[in-house]
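Data block below; observations after.
What follows is calculated from the coordinates using simple rules that are stated; it is not laboratory data. Since the structure is predicted, the reported quantities are computational estimates derived from the model, not experimental observations. Note that we place each Cβ from the backbone using ideal geometry, even for glycine, and neighbour counts take in every protein chain shown.
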Amino acid sequence: MTSSSFAALVRDYLKERYEESPSWASSLGLTEYDERSEDLSAEAFRRRDARVLEWTRRFRAVPDADLDAGERIDRDTVLSSLRGRELMQPRAEWKRQPNTYLNPSLQGVFTLFLHRLRPERELANAARARLEAAAKHVADGKANVDFSLAPRVYVERAIGQAKAASRYARELVPAEISNPADRERVAAAGRAAANAYDDFAAYLGGNQGRASGDYAIGEDLYTALLKEKELLPYGTRDLRERGREQYDLLASEANKIAKQVDGSGDWVAACERLNRVHAPTPDAMREEYADWTERARSFLRDTGLVTLPEGERCTVEPSPHFQRPIQAVASYNQPPAFSDSLHGHFFVPYPPDGTPPEEVQKRLEGNCTAGIPTTAVHEAYPGHHWHLVMAKQNPSPIRRTHFTSYFAEGWGLYAERVMREQGFFTEPRFLLFQYEATLFRAARIIVDTSLHTGEMRFDDAVEFMTKKGNLTPPNAKAEVGRYCSWPTQASSYLTGMLEIVDIRTRWLAKRGAADRPALRAFHDAITTTGSIPTSLAERAISV
C-alpha cells in the first residue's frame, strides 16, 4: 500500500463514520450532513459492530514500511479507537443506555444553532428534519432497551434528560429562528419531538422498576480499555493505587495551604467554609466565570506561556437546558474541526428547570468564588479551548476527528498545574482550590475503578465524593451517575495529566531548558497533535 492509498483508506473510513453519525459530522463542520439523522435501529447497531471488525482488519493490514511517521501515528490512533469500540461490543450499550436514543436529535439540533455555519433558513430546515427524526429514535429506543440489562441509574438519568428535552424542543429551538414562517415550521416539528420525548419519559418511568442491569463493566474489561484503547502500561488495580497515592500526597500539600487560608490545616474544612462564599444566582456565577476566563487569557498573553492563535475567542454561557439534569459541572464545546471558526463555548453549570431554591444554592456552593479561577483555566485558557483551537492546525483528518479524554482531560488538568507553577493563583484560597480540583480527580480514579469492579456501590460512591471530593450531595449524585454511564472517563483527568507531565520532563531534558520559551514550545507542539493517546502524542512530537 502506498501513502496515497492509505489516504484513500482514511477517506473511506471517515466517510462511513460520518454517515453512521450525521450529528457528529455536523459538529465537525460538515454541513452536508445537517439534514440527516442517525439510524438507531437494532439492525444498524449490529451492522456497525460488524464494520468495526472489518475496519480493524483493513487498518492492521497496513505495514509500517508503506507509511511515513505521521501516517503510522494516524493508523495506530484509528486502531486504538476501533479496539475500544470492539471491546465494548459485548456490553451492547444500545440495549442498556436509554440516552442513546435522545442524544443524537438533541445534540444534533443544538450544534446547528451553536455554530450557525449556514444561513438561518437552511438551519431551520435542518433542525426541522432532525426534530422530525426524534419520534423514530424514541420508537427505536422503546424497541431496543432491555430493562433486564439497563441499570436503574441509566434509566433515571434518561428520564430527567427526556423531560428537559421536551421543553428544549417545544420552546427553545423555535426561539432560535427569526423568520415567523420558518419558526412556525420548526415549532410544529418541535411539538412533535416534545411529544415523543414525553412519551419516552413516561415509558421509562413505567418500566423503571424493571431496570435491573449492572453498570459495572468488570476489572478485565476496564484493564483492557486502559491498555488496548488508551495504550497505557497499567491495569485497573494499579491505576486505583496510583489514585490513592496521589490523593494522600495532594491532601498533605492541601492541608499546608489550608493552614494559610484559615489556620485550620484541614483542607476539607477550609473548602467547606469557602464553598459558602459564592455568587447569589446562576447568572452572577456566569459573570464570575467570564471575568476569570479573561484574566487567564491575559496572563497567557503577558507571560508568553503559549501561542494564542489569531482570531480565537471563548464565550462563557449557561449550560444547554437538555444537559442540565445530567451535568453538574462546567463543560466546553469546541469550534467545528472543519470550519474556519476559532470560537469556543464554555458552558457553566446551571441547575435544571424547577430545581428547588435550596438545591440551587447547594449547586452554587459547588461553583464557589474561590474555585472559579481553576475551572476557568481548565475549560478555557490554557485548557480545553486553547488546546482545541491549536489542534485545528493539524492537517490530518484523523487528528481532527479522533478524541480520547485521556489526552484532552489530562491536558485540562495539566493546564491547571502549569498555571499554578507559573504563579497565576495569587491567593492561598485560589491555590487551595487548584489542589482541591486535583484531589477531586484522584478521588474520581478511586471511585470509578471501584464502581466498575463492583467493590463500591452507588450510594457509597456518592458518600465518598461528598466527603473526599468536596462535592455537595446533589452534585455528587450527578457525578457518580456520570461515572456509571461512562466507564474509565472519570479516571482520565489525573491519569492523563501525569502522563503529560512525564512527557514534558523528557522533552525538556532533551533540549536542556525549562524556561518559559521552552515551555511554550512544548505546549504548542503537543497540543497540535490533537487529542490522541498520550503515548502517540509523545511519538508525534519526537518525529
- Ranking of Ser27, Ser531, Ser492, Ser4 by count of other Cβ atoms within 10 Å, fewest first: Ser4, Ser27, Ser492, Ser531
- Note on the structure: Inter-part gap, Cα centre of the stretch 366-380 to Cα centre of the stretch 197-256, in whole angstrom, is 24
- Relative contact order, percent, of the stretch 3-210 when contacts are C-alpha pairs under 8 Å separated by at least 6 residues? 22
- Query: Could you give the distance between the Cα centres of the stretch 12-58 and the stretch 113-180, to the whole Å?
  - Reply: 19
- Pull out a ≥ b ≥ c, the square roots of the eigenvalues of the alpha-carbon gyration tensor of the chain, then state rounded if a/c is under 1.5, prolate if not and a/b is larger than b/c, and oblate in the remaining case. rounded
- Task: Step through the table entries Lys15/Lys392; Lys95/Lys392; Lys142/Lys362; Lys95/Lys467, compare each Cα-Cα distance with 31 Å, and write down the pairs that go over it.
- Result: Lys95/Lys392; Lys142/Lys362; Lys95/Lys467
- Quick one: grab the alpha carbon gyration tensor of the stretch 227-542, order the square roots of its eigenvalues as a ≥ b ≥ c, and give me rounded if a/c is under 1.5, else prolate or oblate depending on whether a/b is larger than b/c. rounded
- Task: Lys and Arg at +1, Asp and Glu at -1: add these up for the other residues within a Cβ distance under 14 Å of Glu287 and post the number.
- Result: -3
- Task: Only Cα pairs under 8 Å and at least 6 apart count here; give the relative contact order of the chain as a rounded whole percent.
- Result: 16
- Dipole check, the chain, charges on Cβ (K,R +1; D,E -1), about Cα centroid: among Leu494, Phe346, Phe59 the Cα furthest to the positive pole belongs to Phe59
- Item | Loop sites in the stretch 329-366: GluC sites (Glu not before Pro), DSSP, at most 11 other Cβ within 10 Å | none
- Total charge dipole magnitude, the chain, about the Cα centre, Cβ charges on Lys, Arg, Asp, Glu only, Debye to nearest 20: 380
- Along the positive direction of the dipole of the stretch 3-210 (beta-carbon charges: Lys, Arg +1; Asp, Glu -1; about the Cα centre), which of Ala50, Ala162, Ser178 reaches farthest? Ala162
- Task: Specify which residue in the list Ser37, Leu439, Leu364 is farthest towards the positive end of the charge dipole of the chain, using unit charges on the beta carbon of Lys, Arg (+1) and Asp, Glu (-1), about the Cα centre.
- Result: Ser37
- Query: When the Cα centres of the stretch 466-520 and the stretch 282-346 are compared, how far apart do they sit, in Å?
  - Reply: 19
- Would you mind classifying the stretch 257-320 by shape? Square roots of the alpha carbon gyration tensor eigenvalues, ordered a ≥ b ≥ c; an a/c under 1.5 is rounded, otherwise it is prolate if a/b is larger than b/c and oblate if not. oblate
- Around Ser485: net Lys/Arg minus Asp/Glu count, Cβ-Cβ under 15 Å: +3
- For the pair Phe338 and Glu43, how long in nm is the line joining their label points, each one 7 Å along Cα→Cβ? 2.7
